[in-house]
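Visitor: Shown below is the structure under consideration.
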Amino acid sequence: MISYKMVEKFVDVKDEVTCNRCEATAKYGTYGADFHSAYYHGGFTSKLGDGNEYAWDLCEDCLKWLFDQFKINPQLPESNSDDESSC
Ligand SMILES: [Zn+2]
């Protein structure tokens with residue numbers, strides 16, 4: 001038979017996120033504070049470095065700024081919530 005005892009445990013929990021581009025910060029779980037997290041691992045002969053790893057967070061304003069730089073709009077046609085004909 002196994003008996004149990006209560007122990008105090010310390011764990012890392014997400015507390016705050018900072019935008020890599022503009023340094024805006026927000027507490028995790030804050031309504032309306034939408035951040036996008038991304039990760040990239042450079043493969044063999046990558047222009048960003050063979051085996052180099054990158055991780056970044058962008059606030060929604062900076063994500064919009066990034067999307068505005070694209071020549072091809074990344075928005076999926078089905079995701080346009082302003083289109084009322086799909087209801
Ligand atoms: Zn930002």
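The values are calculated or read from the model by the stated rules, or taken from the named source; none is laboratory data. As the structure is a prediction and not an experimental result, all values here were calculated from the model. Positions of Cβ are backbone-derived with ideal geometry, glycine not excepted, and every protein chain shown enters the neighbour counts.
Visitor: Could you tell me which of the residues CYS62, CYS87 is at pLDDT 95 or above and of a type in the set (A, V, I, L, M, F, W, C)? Break it down into steps so the answer makes sense when it comes.
Guide: On the way: CYS87 fails: at pLDDT 95 or above.
It is CYS62.
Visitor: Go through the residues of the range 3-10 one by one and say whether even a single one is among the hydroxyl-bearing types (Ser, Thr, Tyr), at negative phi and surrounded by fewer than 12 Cβ atoms within 10 Å (Cβ to Cβ).
Guide: yes
Visitor: Further question: Which one of TYR31, TYR39 is more than 16 Å from the ligand (Cβ to nearest atom), surrounded by fewer than 11 Cβ atoms within 10 Å (Cβ to Cβ) and at pLDDT 95 or above? Quick ask: steps written out before the conclusion?
Guide: Working: TYR31 fails: at pLDDT 95 or above.
Answer to the check: TYR39.
Visitor: Here's a check for you: in the range 1-39, which residue that is of a type in the set (A, V, I, L, M) and outside any strand (DSSP E or B) is farthest from TRP65 (Cα to Cα)? It would help to see each step written out before you state the result.
Guide: Our first condition is that a residue be of a type in the set (A, V, I, L, M); within the range 1-39, this holds for 1-2, 6-7, 11, 13, 17, 24, 26, 33, 38.
Still in the list and also outside any strand (DSSP E or B): 1-2, 6-7, 11, 13, 24, 33.
Working: MET1: 60, ILE2: 57, MET6: 49, VAL7: 47, VAL11: 35, VAL13: 29, ALA24: 14, ALA33: 16 Å.
Looking at the filtered set, the residue picked out is MET1.
Visitor: Any idea how many residues of the range 44-66 are within 15 Å of the ligand (Cβ to nearest atom) and either surrounded by 12 or more Cβ atoms within 10 Å (Cβ to Cβ) or assigned to a loop (DSSP other than H, G, I, E, B) (or both)?
Guide: We begin by selecting, within the range 44-66, every residue within 15 Å of the ligand (Cβ to nearest atom); these are 56-66.
Remaining after also requiring either surrounded by 12 or more Cβ atoms within 10 Å (Cβ to Cβ) or assigned to a loop (DSSP other than H, G, I, E, B) (or both): 56-63, 65-66.
Residues meeting the conditions: 10.
Visitor: Can you tell me which of (1) surrounded by 10 or more Cβ atoms within 10 Å (Cβ to Cβ); (2) among the charged types (D, E, K, R); (3) modelled with pLDDT of 95 or more is the one GLU23 doesn't meet?
Guide: (1)
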